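Comments concern the structure below.
The values are calculated or read from the model by the stated rules, or taken from the named source; none is laboratory data. Source: prediction; values computed, not measured. Glycine gets a Cβ as well: all are built from the backbone with ideal geometry, and neighbour counts include every protein chain shown.
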Amino acid sequence: MKSRTIFAALAAASAMYAQNPLSSEMKAQYDASKDQITKSAERMPESNYSFKPAEGNTRTFGQIIGHIADVQLAICGAVKGEQKRGDAESAKTSKADLTAALKESFDYCDGAVNALTDATATQMSKVFGRDMTKLGALYLNVIHNNEMYGQIVTYYRAKNLVPPSTADRPARPAAKK
């Protein structure tokens with residue numbers, strides 16, 4: 001019985017992907033960025049949330065997490081036809097508050113991402129004053145998440161920590177001589 005359920009789930013997923021290849025690929029990219037950023041926020045010690053690798057306009061680690069949450073709310077709000085703004089970057093400093101804001105933004109974006117199909121991908125949204133397709137706007141979110149993850153990696157390395165994308169990578173087989 002269990003194997004039938006698994007088979008049915010896999011068949012349904014394959015059928016959905018075949019019917020919606022564009023939106024399915026975007027969802028996979030979104031899920032990957034969500035996973036890396038969520039793990040980064042969770043694994044960074046609270047004491048490092050106020051860390052800045054350099055003085056000046058550099059954000060603290062916590063501000064990066066807040067910035068991601070705020071931008072996601074704005075982009076996904078636009079895709080949903082809603083005006084959504086956050087204040088996590090400027091108003092929150094604790095790890096608990098920032099990880100909660102990040103989770104809230106991902107939960108909110110999940111609705112926009114999961115509602116997307118190839119048929120709705122070309123519908124237009126107004127994002128930061130520009131007309132964009134829903135697919136383009138959600139890819140903009142993924143691109144922004146990946147840019148922010150690149151910065152997160154720098155913060156991890158500066159603190160002699162291993163970022164999730166490296167820490168979770170399967171071990172490579174030993175080289176043969």
Subset of segment 39-83 (residues that are touching a residue at least 40 places away in the same chain (Cβ under 8 Å) and on the phi > 0 side of the Ramachandran plot): Gly81
Looking only at segment 104-123, which residues are among the small types (Gly, Ala, Ser), surrounded by 14 or more Cβ atoms within 10 Å (Cβ to Cβ) and within 28 Å of Glu89 (Cα to Cα)? Ser105, Ala112
How about segment 1-92: which helices (runs of 4 or more DSSP H) wholly inside it have at least 3 residues that are farther than 23 Å from Val127 by Cβ and either touching a Gly at 6+ places or on another chain (Cβ under 8 Å) or modelled with pLDDT under 95 (or both)? 2-19
Just one of (1) within 17 Å of Lys34 (Cβ to Cβ); (2) in contact with a helix residue (DSSP H, G or I) (Cβ under 8 Å, 6 or more places away or on another chain) trips up Ala115, so point out which. (2)
For segment 138-177, the count of residues that are surrounded by fewer than 16 Cβ atoms within 10 Å (Cβ to Cβ), within 20 Å of the chain's Cα centre (by Cα) and not in a helix (DSSP H, G or I) equals 3
Does any residue of segment 122-136 turn out to be touching a residue at least 60 places away in the same chain (Cβ under 8 Å) and within 22 Å of Asp35 (Cα to Cα)? yes
